[in-house]
Amino acid sequence: MEQHGVVPDVLSAVPPGVAEVKWPSGAKAELGNVTTPTLMKDVPDIKWAAESGALYTVILTDPDAPSRKDPKYREWHHWLVVDIPGGDVSKGKTQSAYIGAGPPQGTGLHRYVFIVYKQPGPLNIQEPPKPKTTENRASWKASKFAEDHKLGSPVAANFVQAEWDDYVPKLYAEMNKIGSN
């Protein structure tokens with residue numbers, strides 16, 4: 001994570017655990033491996049050393065928006081699930097619908113960082129859940145969300161890198177269609 005700048009761009013230190021992330025396509029997150037937006041299009045399965053009875057938050061963020069050379073929208077968040085009981089993400093509350101990798105064409109590799117926090121208790125989030133649109137996702141900071149909700153340091157993380165492929169225009173069209181409803 002330090003080699004690829006996840007620390008300090010997203011996290012202040014490497015978390016003690018590594019989250020296992022696997023997409024239905026068979027792609028996996030392996031601490032910076034390169035994959036494609038096509039392989040990341042569906043919601044992944046994510047696991048970590050969760051405690052029974054504890055609640056967790058999972059964040060997926062891209063610190064390289066619109067590019068690693070010009071990250072003026074750092075971070076662009078792709079997914080936010082809170083109040084996850086004992087590591088079962090499917091039973092958590094999705095605050096931001098999952099959006100897979102969508103790096104603009106010609107912007108090179110983007111880092112997609114999964115972060116897991118153990119919550120001190122249920123979160124009281126006032127804003128309504130975000131649909132699969134681009135609205136209110138740029139310039140969002142995982143660390144600020146963690147601070148605002150007293151989440152402390154992450155318990156696990158992982159990341160992949162991906163750059164534009166021919167799935168990205170389809171993703172943009174889908175987000176624009178949902179956003180115009």
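Quick query: amide H of His110 versus all other amide H atoms, modeled in the peptide plane; which residues come in under 5 Å with a sequence gap of 5 or more or a different chain?
Those lying under 5 Å, H to H, from His110 are Ala162, Glu163.
With each label point set 7 Å from Cα along the Cα-Cβ vector, what nm distance links Asp166 and Gln3?
That separation, rounded to one decimal, is 3.2 nm.
What's the extension gain from Val14 to Lys72 if we count 0.36 nm per residue and subtract their Cα-Cα distance?
Working: separation 58, 0.36 × 58 = 20.88 nm, distance 2.37 nm.
Using 0.36 nm per residue and subtracting the Cα-Cα distance, I get 18.5 nm.
Got a sec to turn the phi values of the range 27-44 into Karplus ³J(HN,Hα) couplings, 6.51 cos²θ - 1.76 cosθ + 1.60 with θ = phi - 60°, whole Hz, x for Gly and Pro?
The phi angles translate into 5, 9, 8, 9, 6, x, 5, 9, 9, 10, x, 4, 6, 9, 5, 9, 4, x Hz.
What list do you get for Glu163, Glu127 if you sort them by fewest beta carbons within 10 Å?
Starting with the residue having the fewest Cβ neighbours, the order is Glu127, Glu163.
Each residue of the range 9-26 in turn: what ³J(HN,Hα) in whole Hz from Karplus with 6.51, -1.76, 1.60 and θ = phi - 60°, glycine and Pro shown as x?
Result, ordered by residue: 4, 10, 10, 7, 7, 6, x, x, x, 10, 6, 8, 10, 9, 8, x, 5, x Hz.
Which value, in Å³ per residue, describes the convex hull spanned by the Cα atoms of the range 47-181?
Numbers: hull volume 14.8 nm³, N = 135.
In the range 47-181, the Cα convex hull volume per residue is 110 Å³.
Once you list every other residue whose beta carbon is under 10 Å from the beta carbon of Ala50, what net charge do they have if Lys and Arg are +1 and Asp and Glu are -1? Could the numbers behind the result be given before it?
Details: positive: Lys47, Lys118; negative: Glu51, Asp88.
Combined, the nearby Lys, Arg, Asp and Glu give 0.
Taking amide H atoms as placed 1.01 Å from N in the peptide plane, list the residues 5 or more away in sequence, or in a different chain, whose amide H sits under 5 Å from that of Val18.
Ala157
List the residues, sorted by chain then number, that are 5 or more residues from His78 or on another chain and whose placed amide H is less than 5 Å from its amide H.
Placed amide hydrogens put Leu60, Thr61, Asp62 under 5 Å from His78.
What number, rounded to the nearest 500 deg cm²/dmol, is the helix-based mean residue ellipticity at 222 nm of the chain, given -39500 (n - 2.57) per DSSP H run of at least four residues and division by all its residues? Let's see the in-between values first.
Details: 3 runs with 23 residues, N = 181.
Counting only the DSSP helices, I get -3500 deg cm²/dmol.
Among residues other than Asp83 whose Cβ falls under 13 Å from its Cβ, what is the net charge (Lys/Arg +1, Asp/Glu -1)? All intermediate terms of the calculation are to be shown ahead of the outcome.
On the way: positive: Lys91, Lys93, Lys118; negative: Asp88.
Here the count lands on +2.
State the Cα centre-to-centre distance between the range 15-57 and the range 133-181 in whole Å.
For the range 15-57 versus the range 133-181, the Cα centre distance is 14 Å.
Convert each backbone phi in the range 72-80 into a coupling constant with the Karplus relation 6.51 cos²θ - 1.76 cosθ + 1.60 (shift: θ = phi - 60°), then list the ³J(HN,Hα) values in order as whole Hz, x for Gly and Pro.
Karplus values, whole Hz, x for Gly and Pro: 5, 9, 3, 9, 10, 8, 9, 6, 8.
Would you mind checking the tilt of helix 168-179 against the longest principal axis of the Cα atoms of the chain, expressed as 0 to 90 degrees and rounded to 10?
70 degrees
Would you calculate the separation in nanometres between label points at Glu147 and Leu31, each defined as 7 Å from the Cα along the Cα-to-beta-carbon direction?
2.8 nm
Taking the highest mean first, how do the peptides 79-90, 129-140 order by number of other beta carbon atoms within 10 angstrom per residue?
Top to bottom by mean Cβ count within 10 Å: 79-90, 129-140.
All of the numbers you see were taken from the coordinates with simple rules; none came from a lab. All of these numbers come straight from a predicted model, not from anything done at the bench. FYI the Cβ positions are ideal-geometry reconstructions off the backbone, even for glycines, and counts take in every protein chain you see.
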